[in-house]
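The values are calculated or read from the model by the stated rules, or taken from the named source; none is laboratory data. Computed from a predicted model, the values in this text were never measured in an experiment. Virtual Cβ from ideal backbone geometry, glycine too; neighbours counted across all protein chains shown. These area figures cover heavy atoms from the full protein model, side chains too; ligands, DNA and RNA do not enter into them. Shrake-Rupley method; radii C 1.70, N 1.55, O 1.52, S 1.80 Å.
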Amino acid sequence: MTEHAAPTPSAPVDPKLELMANLLKDIFAPFEPEMGYAIDEVSLTISPKDIVAACKLAKENEELKFDYLRCLSVVDYEEHFQVVYHLYSMKKHHKMVLKVNLPKDNPRVSSVVSVWKGADWHEREGAELFGVTFEEHPNLAPLLLYEGFEGYPMLKSYPLGPYEDGS
Amino acid sequence: MKMEAEKRFDTVDMMLNMGPQHPSTHGVFRMVLTIDGEKIVAVEPHIGYLHRGTEKLCEGEYYLQIVSLFDRLDYISSFNNELAFVIAVEKLMGIQVPERAEYIRVIMCELNRIASHLMFYAAFGADAGAITPFLYAFREREQIQSVFEAVSGARMMHNYFRVGGVIEDLPPDFGDRMNKLIPKLKQGIQECDDLLTGNEIFIARAKGVGAISAADAIDFGMSGPNLRACGVLEDIRRSEPYSVYPTLDFDIPAGQNGDCWDRYMVRMEEMRQSLRIVEQAIAEMPQGPVIAPQVRKIVKVPKGEVYVRVENPRGDFGVYLISQGGDKPYRVKIRGASFCNLMTLKKLLQQCYVADCVVVLGSLDIVLGEVDR
Amino acid sequence: MTGELLLSALGVVGMLLFLTVTTFALVWIERKFLGHIQMRLGPMRTGYHGIMQPVADALKLLFKEDFIPGSSDRLIFWLAPLAVFVPAFLIWVSIPFTKELVIRNLDMGIFYIVAVSVVSIIGLVMAGWGSANKYALLGGARAAAQLISYELPLIMVILSVVMLSQSLDLKTIVEKQAVIPYVLLQPLGFLIFLFASLAEVGRTPFDIPQAESEVVGGPFVEYSGIRWSIFFLAEYVNTFAVGVLGALLFLGGWNWPLLPPIIWILVKSYFLVLVIFWMRATFPRLRIDQLMSLAWKVLLPLAFLNILIVGAHQFYRWPAWSLSLISLVVVLAVGYRLRWRRIAGTSRLGLSLATERRLANDRTP
C-alpha cells in the first residue's frame, strides 16, 4: 500500500461506536460494505452502483433515519476517486459516513439529489472541480468557476503554482 | 391579422438580473429573477464570484497557515471558523487542549456570534427599508470588535486560535472590559429590539414571508438559526457538544413557522443566550496555560480523517480533514453553512414579490466568503 | 399692466430662490436630524456643523459627468426631469404664505394645486421608461400605481376640508381656521392627509418606487449629475409643499398670536417636515401590495367616511365638538384595530424556548 491511499485506521475503542458499527453492518449487509472507522464515526465503503439504494435505505430505515446530508465531498486519491457522504439524523442524533470509490478514468456515480435535495450544489461542485459525473443530476452546470475555465482544479495533478501577479 | 393582434397583447415574463452589483445581495451574489409584474415566477441563483479555491490552497499550506485561510471564509464570524479547523486537527492528533484555552475560545466564539447576529440585524433592517437599525447595530458591534482587537490584535482576520489552544493569553484588563461591555451590550440589544421588532410595517414585511417547512429545510441541508426557525431543536453545541459547551447553561430558541420573522426572532434571542454563555464562561474560567505544551511550530498530523462540525452563527460549519501524515493536509473539504442555506432560496422565493426576495435573502444571512470559498 | 407683470416676475424669481434655499436647508436639516437620531453627528466638516454641506453636494452634482445610457430613449430621458420639476414648482404660484405673500392667489387655489401636482407622475413614468433599465421600469410602474392610488384619498380628504370651509381658496380656508385649526375638528382627516401625501411624495415608509434595497433608486437609477439633482430638488420641494399644505389646510396656516404670520407658517411647515424625516428614520418600507391595500382598503374608505361625517355635520348643523369627537373615535377605533392585530400577532409568534438544560453528568467539577 502506497503512502497516498485511503486511510483505514484501526478498530474502534469506543463501545458506542462499536454498537453503531454492528447496527450498520446488519442493515447494510446486502451491499457488502467494507467497514472503516474515522475518529468518532463509522464509515462504510460500498460499490458505486448501490449508492442511491444505500442512501434511500439510510434515510428510510426506522433505526437509522439519516434525514440530513451533512456534507458530500470528493477526494482525489492516488488510485481512485472517493465520494464521501457524511450523514446525520436529526431525529436520532447519530451519524455515519458512506463512501464509494470511483475509477480514475471516467468517474461516474448516480446522483443522490433524489434522496436529499441538499446534495444539489455539493454534486455540482464535485463535478466542476474534480470532473466526477453525477448521473441523473437535474442540472450539473458549473457552479463556482468562471465561464470558460478549463480543467479540474482540485485534482492533485492540477498544479498549485506560486502566486502570479501578472507582471 | 388576428395572430398579430394576439401577439401584440401577449404578455411575457421579464428577466431581471439582480447582482452581483446590487446593494442587497450581501456581497457578490447574483440571482436571475423571472418576474411577472411584481411577482417572482422563477429564480436562478449564481454563485462563485468570490471563489478563491480555499480548499486547494489548504493542500499547499502548513496547518498553522491554514488557520488564517479559515478567517477569510465566513469573515463575519472568523473565530467560529478557526475553531472548526483547530478542533479537527486536535482530534486527529489527540491533543488535550488546556481548559483555560477552551474557555477563551468559547468566549470569543460567542462574542463573535453576537457580532455576527448584530450584522444580520443591521442588514436585515436595511433590506426591509429601515435605515437606522444599521447604525444601532454597528454601535454595539463596534464595542465587540474593539475587544477582539485587544485580544487578537485584529478586528476581522483574527488568526488567534492555534492547534492546541490559543496564541496568547487574554490581555490583563480583559475582565474589566467585559464587566463594562456586557451590561452595555444587554442594553444595546434591547434597544435594537425595541427599535425594529414591534414595528407594524416590519412585522407585515417579515411575517409569513419565505416560509419553509421543517421537513423541507432538513432535506435541503439548512442549518443554524434558519433551521431552528422551522421548529427543529438542532444545535450542534447541544447535539454534538464540543469544547466546554456541555458545562454551560443556555437555551436554544426555536421558531414555529420557518418564515423570515421567526428567523429574525431566533437570532435576536440567540444574542441574549450568547451573552449568558459569555457571562458564565468568564465566571468559570480557570487560570493556567493557554496552549498545549506538546504542540510545535510545524504541526505534523498522523494519518487519518475526521469530520468536525461546529455551530457557526450561520449554522452547521463542517470541516472534513484528511491527513496522510506530514505537515500539510491531503484534503480539506469545507462545508459552509451559508452554502447549504442558500440552496433553499429557490424554494423560499416561490410566489414571492420582488421586494420579498431581498428580505428573504437577508433573513438567510449568507456570507459569500463562505458560500464561494 | 407692466408693473403688475414685473411684480409677478419678481415674485416668481423670489419663489425660485426661496425654494432653492429651502431645499438646501431641508437637506442639511434632514442629514443632521437623521444623524442625531442614529447616534452620529451628520456632516461636520463644511462650515459650522456642516451647514455648507448642501452647497458642497450641489457643486459635486454639477461637476459630475452627465451620463446618458446608450440604449435609452433620449428625448424621453431628457424630458423626464422637466416633467417632474415643472409641476413641483408650478404649484407654488398659488400657495399663500401669509395673507399678502402670494404670487397669484386663485379662487380655486387648492384645486389648481391638486391638478398640477398630478402631472409629475408622468415624469416618473417617463424616467422609468426612457432609461432602458429594468429597475427603472419597475420603479416607474410602481410610481404610477402608487401615485394614482394615493391621489384619491388625498383629494377626498381635501374635499372634506373644502366642505368645512365652503371655499377652494386657500386664503379663505386659512381664515376660517382663525380660532380652531381643522386638525382639532378632524384628526382623522389630518392623518389621512399625512399618509396620503407622504405616499404622493414617495417618502419612507412609502418610498417604494425608489426603494434602494430592491430597485436601487427606481426611475432615477440611470440619472446622474445635474439631471439627478433636478429630481432631488423636486423631491425636497414636494416634501416642503406637503408641510406647507398641511399647515395651511389643517394647522391654521399663519394664524396664531404673538409671532408674525410668516414665522408661524414656517414653524408649522417645518414641524410637519420634521415629522416626515422622523418617520424616515424609524420606519421600514411597505411592500407594493401592502401599499395598495392600505390605499384602497383603509385610507379610501376612511376618507369617504370622513366626508360623510363632515357632510352630516354641515347638514344638521351639529356643534363643532361633535365633529372632533366622532373623528377622534374613528381614529382610535382604527388604531385599536391595528394595535389589536399586532398584539394578537406577537402572541402567536411566541418563541418556544428549548427547555433542554445542561446535561448534569457532563459537568466537570
Picking from B:Val358, B:Val278, B:Val290, B:Val299, the residue that is more than 27 Å from B:Ile47 (Cα to Cα), out of contact with any Pro (no Cβ under 7 Å at 6 or more places or on another chain) and at pLDDT below 90 would be B:Val299
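For the stretch C:200-236, how many residues meet the condition of being of a type in the set (A, V, I, L, M), in a helix (DSSP H, G or I) and over 22 Å from C:Leu19 (Cβ atoms)?
Within the stretch C:200-236, residues that are of a type in the set (A, V, I, L, M), in a helix (DSSP H, G or I) and over 22 Å from C:Leu19 (Cβ atoms) number 1.
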Contact list, first residue from the stretch C:213-240 and within 14 Å of another protein chain (Cβ to nearest Cβ), second anywhere and among the charged types (D, E, K, R) and crowded, with 23+ Cβ neighbours inside 10 Å, beta-carbon distance below 7 Å, six or more apart or interchain, is C:Ser213/B:Asp127; C:Gly218/C:Arg142
Taking the stretch C:262-304 and the residues there that are of a type in the set (Gly, Ala, Ser) and away from every other protein chain (no Cβ under 14 Å), the one that is farthest from the chain's Cα centre (by Cα) would be C:Ala303
Would you confirm whether or not the stretch C:29-40 contains a residue that is surrounded by 12 or more Cβ atoms within 10 Å (Cβ to Cβ), assigned to a loop (DSSP other than H, G, I, E, B) and under 24 Å from the mean Cα position of the chain (by Cα)? yes
Within the stretch A:47-68, of all residues that are touching a Phe, Trp or Tyr at 6+ places or on another chain (Cβ under 9 Å) and open to solvent by less than 10 Å² (accessible area, probe 1.4 Å), the one nearest to A:His122 (Cα to Cα) is A:Tyr68
Residue hits (the stretch A:26-45; surrounded by 21 or more Cβ atoms within 10 Å (Cβ to Cβ) and within 30 Å of B:Val371 (Cα to Cα)) are A:Tyr37, A:Ala38, A:Glu41, A:Val42, A:Ser43, A:Leu44
Subset of the stretch B:74-130, residues more than 14 Å from chain C (Cβ to nearest Cβ) and not in a helix (DSSP H, G or I), comes to B:Asp74, B:Tyr75, B:Ile76, B:Ser77, B:Gly94, B:Ile95
Taking the stretch B:99-128 and the residues there that are open to solvent by less than 10 Å² (accessible area, probe 1.4 Å) and either at positive phi or among the small types (Gly, Ala, Ser) (or both), the one that is nearest to the chain's Cα centre (by Cα) would be B:Ser116
- Looking at this structure, is C:Gly50 open to solvent by less than 70 Å² (accessible area, probe 1.4 Å), closer than 18 Å to C:Leu274 by Cβ and not aliphatic (A, V, I, L, M)? yes
Item to complete: Go through the residues of the stretch B:171-184 one by one and say whether even a single one is open to solvent by 10 Å² or more (accessible area, probe 1.4 Å) and under 30 Å from B:Val43 (Cβ atoms).
Response: no
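For the stretch C:1-24: of the residues being without any contact (Cβ under 8 Å) to a residue 24 or more places away in the chain and among the small types (Gly, Ala, Ser), which is surrounded by the fewest Cβ atoms within 10 Å (Cβ to Cβ)?
Checking each candidate, the answer is C:Gly3.
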What about B:Leu248, is it touching a residue at least 12 places away in the same chain (Cβ under 8 Å), farther than 30 Å from A:Val75 by Cβ and at the interface with chain A (Cβ under 10 Å from one of its Cβ atoms)? no
The residue that is nearest to the chain's Cα centre (by Cα), considering only those in the stretch C:186-202 that are open to solvent by 10 Å² or more (accessible area, probe 1.4 Å) and more than 15 Å from C:Leu332 (Cβ to Cβ), is C:Val201
For the stretch A:28-52 the number of residues that are modelled with pLDDT under 80, among the aliphatic types (A, V, I, L, M) and assigned to a helix (DSSP H, G or I) is 1
If you go through A:Met90, A:Met96, the only one that is more than 10 Å from the chain's Cα centre (by Cα), aliphatic (A, V, I, L, M), under 21 Å from B:Glu240 (Cα atoms) and not in a strand (DSSP E or B) is A:Met90
Apart from one, (1) surrounded by 15 or more Cβ atoms within 10 Å (Cβ to Cβ); (2) more than 12 Å from chain B (Cβ to nearest Cβ); (3) under 24 Å from B:Met222 (Cβ atoms) all hold for A:Ala21; the odd one out is (3)
Reported set for the stretch A:132-150 where residues are assigned to a loop (DSSP other than H, G, I, E, B) and open to solvent by less than 20 Å² (accessible area, probe 1.4 Å) is A:Val132, A:Leu143, A:Leu144
Every listed condition ((1) in contact with a helix residue (DSSP H, G or I) (Cβ under 7 Å, 6 or more places away or on another chain); (2) within 25 Å of C:Ala136 (Cα to Cα)) holds for B:Asp74 save (2)
Checked the stretch B:32-59 for anything within 14 Å of chain A (Cβ to nearest Cβ) and open to solvent by less than 30 Å² (accessible area, probe 1.4 Å); matches are B:Val32, B:Val43, B:Pro45, B:Ile47, B:Gly48, B:Gly53, B:Thr54, B:Glu55, B:Lys56, B:Cys58, B:Glu59
Of (1) outside any helix (DSSP H, G or I); (2) crowded, with 17+ Cβ neighbours inside 10 Å, C:Glu65 fails just (2)
